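**Student:** This is the structure I want to talk about, given as structure tokens.
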Amino acid sequence: MNNAILKNIDDLKEKKDQIKSKTEEIQVKKDKLEEITTKLHNKEDNKTPEELAKNIIDEEEFDLIKEKKVCKRDYKLELEKIKLLRNEIIELDKNITSLKTNMIQKF
């Protein structure tokens, strides 16, 4: 029983480290997304009224839009992974509490 508690505690620490790592990755993706958005806004600000009216985009703007889409998708995937890790942490906490309670009752 004690080994199970220790294993769950180790797993819990590992999951928390994973969340910390994923959170840092998400921040990098968020910063990149903001940078791309700023570039897109700058491109729009530099367009002529005719380009705006015809909704013309150049190759660079098209690449930025594609990059933004990919970045958003990756960002959402990382957020989902963090949610799953948090659920796993909750379950591990419950398991640890349950194992400790059982161990105390048997004592």
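**Student:** Of the listed values [x] 1.81; [y] 1.07; [z] 1.22, grab the one calculated as Cα Rg over 2.2 N^0.38 Å from the structure here.
**Tutor:** Checking each listed value against the structure points to [x].
**Student:** Can you check what the net charge comes to around Glu34, using other residues whose Cβ is under 12 Å from the Cβ of Glu34 (Lys, Arg +1; Asp, Glu -1)?
**Tutor:** Around Glu34, the charge tally is +4.
**Student:** If you place +1 on the Cβ of every Lys and Arg and -1 on the Cβ of every Asp and Glu, how big does the dipole about the Cα centre of the chain come out, in debye to the nearest 20? Don't skip to the answer; put the middle values down first.
**Tutor:** On the way: 25 positive and 25 negative charges, 193 e Å.
Dipole magnitude for the chain comes out near 920 debye.
**Student:** Please give the calculated 222 nm ellipticity per residue for the chain, where each DSSP H segment of at least 4 residues contributes -39500 (n - 2.57) and the sum is spread over every residue; nearest 500 deg cm²/dmol?
**Tutor:** It lands at -33500 deg cm²/dmol.
**Student:** Same structure, new question: Positive end of the charge dipole of the chain (Lys, Arg +1 and Asp, Glu -1 on Cβ, about the Cα centre): tell me which of Thr23, Tyr75, Ala4 has its Cα farthest that way.
**Tutor:** Ala4
**Student:** Roughly what percent of Cα-Cα pairs across region 1-40 reach past 16 Å?
**Tutor:** Value for region 1-40: 56 percent of Cα pairs lie more than 16 Å apart.
**Student:** Please rank Met103, Met1, fewest neighbouring Cβ atoms within 10 Å first, as an exposure proxy.
**Tutor:** Values: Met103 13, Met1 10.
Least to most surrounded, the residues fall as Met1, Met103.
Every read-out reported here was derived from the displayed coordinates using simple, explicitly stated rules and does not represent laboratory data. Note that this is a predicted model, so its numbers are computed, not measured. Glycine gets a Cβ as well: all are built from the backbone with ideal geometry, and neighbour counts include every protein chain shown.
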